[in-house]
1. Would you tally the residues in segment 71-83 being within 11 Å of residue 50 (Cβ to Cβ) and at pLDDT 75 or above?
2. Give just the number: which of (1) under 12 Å from the mean Cα position of the chain (by Cα); (2) farther than 17 Å from residue 86 by Cβ does residue 47 not satisfy?
3. Restricting the search to segment 1-59, which residues are farther than 19 Å from residue 69 by Cα, part of a loop (DSSP other than H, G, I, E, B) and modelled with pLDDT of 95 or more?
Amino acid sequence: MSTNFDQYTIMGNTLQIGNKKTQFKFNIKEYLEFEGMVIVLLDVPINTEYNENVFGVSLVDNHCWQIAKMEYPPGNKTCPFVALVIYKGNLRLSLLTGLHQAL
């Protein structure tokens, strides 16, 4: 499945902005535009220790950032972010536990 917009295309684990492709370790589960960036949430398989699954890629210069790795809650090794939300003009990330982290 691919999604095409005037400025970018998303297919599997690849985000293409103009001629520049950014490939991620896992498929893109969800995305949104926020303040001139495409924010992507990766679809991390269950029981995979990888909670730094949120990236932002600039629509202007393709600069990319990745959310910092978090400490896992006691007894839980699979706690990636599971949803992206814009709430009152701020980007929020939902955790598997139902908690939110504002950026």
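The values are calculated or read from the model by the stated rules, or taken from the named source; none is laboratory data. Worth saying up front: this structure is predicted, and the values here are computed from it rather than measured. All Cβ positions, even for glycine, are placed from backbone atoms using ideal geometry, and neighbour counts span all protein chains on display.
1. Number satisfying all stated conditions: 1.
2. Here residue 47 meets the rest and fails (1).
3. Scanning segment 1-59 gives 12, 13.
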